[in-house]
Amino acid sequence: MEKQQENGLIYGLNDKPPFKEAFFAALQHLLAIFVAIITPPLIIAGALKLDTETTGYLVSMALFASGISTFIQCRRFGGLGTGLLCIQGTSFSFIGPIISAGMAGGLPLIFGSCMAASSVEMLISRVLKYTKKIITPLISGIVVTLIGMSLIKVGITACGGGAIAQADGSFGSFRHVGLAALVLLLIIAFNRSSNRYLRMSSIVIGLVIGYIVAWCMGVVDFSSIQSYGGFNLPMPFRYGLAFDLSTIIALGLIFMITAIEAYGDITANSLISGEPVEGETFVKRASGGILADGFNSMLAGALNSFPNSVFAQNNGMIQLTGVASRYVGYYIAAFLVLLGLFPAVGLVFSLMPEPVLGGATLLMFGTVAFYRPVCGGGGWPQPVSASSRRKKSTERLLLSWPSVFPSA
């Protein structure tokens, strides 16, 4: 108990909080990750011009796969998983290569190549102590920043109305840009709130209000959905598998960086949870976490979803709630699995107008680009004070702004 008080924790790693407290802590984590999990499949489906039914199914499977992955990380099976309150969700880093793969060979090529490339991360987990000396925080930071900057262009396109608006000539119209700006400003406003519940829910609130405004403007058409009922039972390999060496290599490079990124996130999680960040226990925990990172991405491919990675934002949620118990992760996993089983969740979000999603992703992709302390030479993620969080949200937006203008 003294150790927990020193770390500011109410419940330590192996403590079992009462149901009500565990449920509420899990709900807060869910608010922090829900939008981040469903955004990649929405962007990918939009870029590939998939129909509403397929898009809804991909969103549902992203939630389902994230729930399974989170349970594996928190529970730890032998040497698979961290055994920490470690949340996994759909990764933004793979969006670019996945869209390119989808343009070339559709969903079968995406899922087949992702499953094959995930072996790179699992291999790195076995030789972690050697690879982390080569791929330093500075190197991974530069790569992650470049990924974030490339993703910002995707967000800008969505803000202008996306591929549909480009086709009908309405791209960049006031209706699209105004809707995106409304969502963006709402998220920033709520993110800067001193109320922790509003801050945690800022992205969700911004998207919900933007969705309602878009519906009032007649942009959302629910008539394309025939039914919201039933269950989305997982159907492994529903879309088939295909493989391409160049696509596997491109994705493998991202998996390599994701492994080192996961190492930093696990280090921060251990630090915040009052656990050791060096020694044999930590090395086993980090290796198991990275192995699970790759294994869960392979499992996600089998479940018709996209690669998963450890989410860093949940480290801040541990600080905020003072709950580091890995048993809370079981509740989070259950929430995600249940949400994935109901098609209504995926279908409703599949109809979200691209400008609404773009307003949120612009800031989120700025977060990806700004994630590492690249210019200073690196160091793994450390706990962020509440006083600096508001400043960082503005800095992330400013980092995104140059991408609005095409280079001369």
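Assessment of region 289-300 against the conditions (touching a Cys at 6+ places or on another chain (Cβ under 6 Å) and under 15 Å from Ile110 (Cβ atoms)) yields no matching residue. Contact annotation: residue pairs with Cβ atoms under 8 Å, 6 or more positions apart or on different chains, pairing a residue in region 77-88 that is in contact (Cβ under 8 Å) with a residue 40 or more places away in the chain with a partner that is surrounded by fewer than 20 Cβ atoms within 10 Å (Cβ to Cβ) and not in a loop (DSSP other than H, G, I, E, B), are Gly79/Lys284; Gly81/Arg75; Gly83/Arg75. Taken over region 34-60, the criterion of being surrounded by 21 or more Cβ atoms within 10 Å (Cβ to Cβ) and over 14 Å from the mean Cα position of the chain (by Cα) is satisfied by Ala45, Gly46, Thr55, Gly56, Tyr57, Leu58, Ser60. Selection of first residues in region 312-325 that are free of Cβ contacts under 8 Å to residues at least 60 places away in the same chain and of second residues that are outside any helix (DSSP H, G or I) and of a type in the set (Ser, Thr, Tyr), restricted to Cβ pairs under 6 Å at least 6 apart or on distinct chains, gives an empty result. Report whether or not Ala369 is at pLDDT 75 or above and of a type in the set (A, V, I, L, M). So Ala369 does not fit the description; no. Screening Phe64, Phe77 for residues that are surrounded by fewer than 20 Cβ atoms within 10 Å (Cβ to Cβ), over 16 Å from Val323 (Cα atoms) and modelled with pLDDT of 90 or more leaves exactly one candidate, Phe77.
When Thr145 is tested against the conditions (1) in a helix (DSSP H, G or I); (2) closer than 26 Å to Leu30 by Cα; (3) modelled with pLDDT of 90 or more, the lone failure is (3). Can you say whether Ile44 is at pLDDT 90 or above and part of a helix (DSSP H, G or I), as far as the supplied structure shows? It is true that Ile44 is at pLDDT 90 or above and part of a helix (DSSP H, G or I).
Residue-by-condition table, conditions (1) part of a helix (DSSP H, G or I); (2) in contact with a Lys or Arg (Cβ under 6 Å, 6 or more places away or on another chain); (3) modelled with pLDDT of 85 or more; (4) closer than 14 Å to Ala26 by Cα:
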site	(1), (2), (3), (4)
Ile248	yes, no, yes, no
Ile254	yes, no, yes, no
Ala259	yes, no, yes, no
Glu278	no, no, no, no
Ser287	yes, no, yes, no
Asn296	yes, no, yes, no
Ile332	yes, no, yes, yes
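Quick check on region 50-61. Is at least one of its residues in a helix (DSSP H, G or I) and touching a Cys at 6+ places or on another chain (Cβ under 8 Å)? No: zero hits. On inspection, Phe282 passes the criterion of being more than 30 Å from Leu351 (Cβ to Cβ), out of contact with any Leu (no Cβ under 7 Å at 6 or more places or on another chain) and of a type in the set (Phe, Trp, Tyr). Candidates are the residues of region 47-61 that are of a type in the set (Gly, Ala, Ser) and closer than 22 Å to Phe237 by Cβ; the one that is modelled with the lowest pLDDT is Gly56. Within the option set Phe243, Phe255, being in contact (Cβ under 8 Å) with a residue 40 or more places away in the chain and crowded, with 24+ Cβ neighbours inside 10 Å holds for one residue only, Phe255. Please determine whether any residue of region 336-353 is under 14 Å from Ala32 (Cβ atoms), in contact with a Gly (Cβ under 7 Å, 6 or more places away or on another chain) and not aromatic (Phe, Trp, Tyr). Yes. Please find, within region 17-29, the residue that is surrounded by the most Cβ atoms within 10 Å (Cβ to Cβ) out of those that are under 17 Å from the mean Cα position of the chain (by Cα) and modelled with pLDDT under 85. So the residue we want is His29.
Looking across region 178-203, the residues that are in a helix (DSSP H, G or I) and more than 14 Å from Thr361 (Cα to Cα) come down to Gly178, Ala189, Phe190, Asn191, Arg196, Tyr197, Leu198, Arg199, Met200.
The values are calculated or read from the model by the stated rules, or taken from the named source; none is laboratory data. This structure is a prediction, so every number in the text was calculated from the model and none was measured. Neighbour counts are summed over all protein chains in view; Cβ atoms, including those assigned to glycine, are modelled from backbone coordinates with ideal geometry.
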